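A short worksheet on the structure shown next.
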Amino acid sequence: MKRSLHNFLLLFTLGLLNACTSTGPAGGLFQSASPHEQYELALTDAKLNRTALGRDWVTAGQRALRDSFRISVPYRESGYFGANRPFAIGYRINGQRGDKFLVRVEVQGQQEALVFIDVFALDEQDQPDRTVSAKADTNVLTWEVRRTRTHLIRIQPELLRSGRYTISITREPVLSFPVKGLDSRNISSYFGVPRDGGRRRHEGVDIFAPRGTPALAGANGIISRVGVNQLGGNVVFLSDNDRGQNLYYAHLDRWTVRDGQRVSVGDTVGFVGNTGNAQTTAPHLHFGIYTFGEGAVDPLPYIRRGLGPARQTPLAPSRLGDSVRINATRAVVRLAPNGDSPVVHELPRSSALTLLGGTTEWLRVELPDGRMGYVANSLVESAGKSLRRVSLPAPADLRDAADSRAAIIRELPGNTVVEVLAVAGGFQLVRLAGGLTGWVARI
């Protein structure tokens, strides 16, 4: 059965790679199926969703949408997925309109693995709506946030593949900065600030620069209007049709473009000045964004400096999958890799955990009952060293999990000497003289 499943998935994967479908943003009535959805549909058509492995793969993908981890961008961590246990993980990030995110997943394994990357926007009830998906032939995804909300990034490899992975998520601005040689640190007045005694609000940001500094096209587009008005003085409107918005340049000393001219990112559209109602202030560019049908929006997220590469050090590959235990009197497992995150669970000393991934500071772990979260690296130690040696006072069952319903590995006679490695609830993780490990009821 497993060989036939492997052969089917191999053929399907080849077809999916040849198709290379689906990267664009969601939202249309006739949105095409993502590679992940195509893969799941193929499992159903072949009735492989009725197998335990197929069901577990679907369940893992659904669970990642429900039980996800909140992170702050830029972020990077490592992890591991095994061939015999379907895997998926979800990361929640805050996305503001004007942000551009880059997700990269690097995988190392004996065989190439197809990895599905999907992004979902979450509504007020945390219901996911797929926004964009990576192509089937790449482990890189870039997307622009069109609406401010929480987004969930789901990573899931295909069935019957194992490997180590490193995921990195970074943020950059959607638009190029509109004044040559400067960046968002040079902004001195922000969107929404009261003007004219509170009769109106500032509908852009002011970027101060020497007179004559080039004002640059922040996007590819067409110059829709060049003119003069009372407030803005010499102004230029640049239509960014790809995003459904106009970029507004005001207080220019002079223009270098004409109506209908097509421009590219970085082209000079004019020069910084103080025309219009800015004649009593130092030269600066008033930069605004007006969306089609919605009006002025805050341009800062569109042009603020990127946060650069992720600086976390991923967990060493040699530690992935290791069994560890709490080495402090008390430790907490958190929902995110930081000390301010909500607590998932509190653990006493010697509690058992499995390392699933993370960084050198925060470990992503799984508890014996299947719950997952992050724990500080400083609070754990390897479970390979014995805590103590004990003799079983009565016969006991050695089980493969800390659960009375778990499969029995071996029946142990009374007086069997075992090394206690860790604890979990009413069970102890023990090691026999020959090296075999398993769980027994607490002595």
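Tabulated data
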| quantity | calculated |
| --- | --- |
| Condition broken by residue 212, with the remaining ones in (1) buried (at least 16 other Cβ atoms within 10 Å of the Cβ); (2) more than 31 Å from the chain's Cα centre (by Cα) satisfied | (1) |
| So residue 225, is it farther than 30 Å from residue 356 by Cα and part of a strand (DSSP E or B) | yes |
| Selected residue (criterion: nearest to residue 386 (Cα to Cα)) from residues of region 312-345 that are hydroxyl-bearing (Ser, Thr, Tyr) and in contact (Cβ under 8 Å) with a residue 24 or more places away in the chain | 323 |
| Within region 355-399, strands (runs of 3 or more DSSP E) holding 2 or more residues that are within 38 Å of the chain's Cα centre (by Cα) | 362-366, 372-376, 380-382 |
| Complete set of residues in region 405-436 that are polar (S, T, N, Q), surrounded by 12 or more Cβ atoms within 10 Å (Cβ to Cβ) and either in the same structural domain as residue 346 (by TED's automatic domain parsing) or touching a residue at least 24 places away in the same chain (Cβ under 8 Å) (or both) | 416 |
| Residues located in region 415-443, provided they are in contact with a strand residue (DSSP E or B) (Cβ under 8 Å, 6 or more places away or on another chain) and part of a loop (DSSP other than H, G, I, E, B) | 415, 416, 426, 432, 433, 436, 442, 443 |
| Hey, residue 160 in contact with a helix residue (DSSP H, G or I) (Cβ under 6 Å, 6 or more places away or on another chain), assigned by TED's automatic domain parsing to the domain that holds residue 94 and over 20 Å from residue 275 (Cβ atoms) or not | yes |
| Subset of region 59-110 (residues that are of a type in the set (D, E, K, R), modelled with pLDDT under 95 and over 15 Å from residue 335 (Cα atoms)) | 85, 97 |
| Looking only at region 283-298, and only at residues there that are touching a strand residue (DSSP E or B) at 6+ places or on another chain (Cβ under 9 Å) and not in a strand (DSSP E or B), the one that is surrounded by the fewest Cβ atoms within 10 Å (Cβ to Cβ) | 294 |
| Some residue of region 366-375 being of a type outside the set (S, T, N, Q), touching an Asp or Glu at 6+ places or on another chain (Cβ under 7 Å) and over 30 Å from residue 207 (Cα atoms) | yes |
| Residue satisfying all of: in region 340-397; touching a Lys or Arg at 6+ places or on another chain (Cβ under 9 Å) and polar (S, T, N, Q); farthest from residue 415 (Cα to Cα) among these | 341 |
| Number of the exception - residue 265 against (1) closer than 29 Å to residue 201 by Cα; (2) in contact with a strand residue (DSSP E or B) (Cβ under 6 Å, 6 or more places away or on another chain) | (2) |
| Among the candidates 342, 337, 301, 314, residue that is surrounded by fewer than 20 Cβ atoms within 10 Å (Cβ to Cβ) and either aliphatic (A, V, I, L, M) or at negative phi (or both) | 342 |
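Yes or no, residue by residue, for (1) more than 30 Å from residue 110 (Cβ to Cβ); (2) at pLDDT 95 or above; (3) not β-branched (Val, Ile, Thr):
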| residue | (1), (2), (3) |
| --- | --- |
| 146 | yes, no, yes |
| 151 | yes, yes, yes |
| 154 | no, yes, yes |
| 161 | no, no, yes |
| 178 | yes, yes, yes |
| 236 | yes, yes, no |
| 250 | yes, yes, yes |
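The values are calculated or read from the model by the stated rules, or taken from the named source; none is laboratory data. Keep in mind the model is a prediction, meaning the values are calculated, not measured. Backbone-built Cβ (ideal geometry, glycine too); neighbour counts: all protein chains shown.
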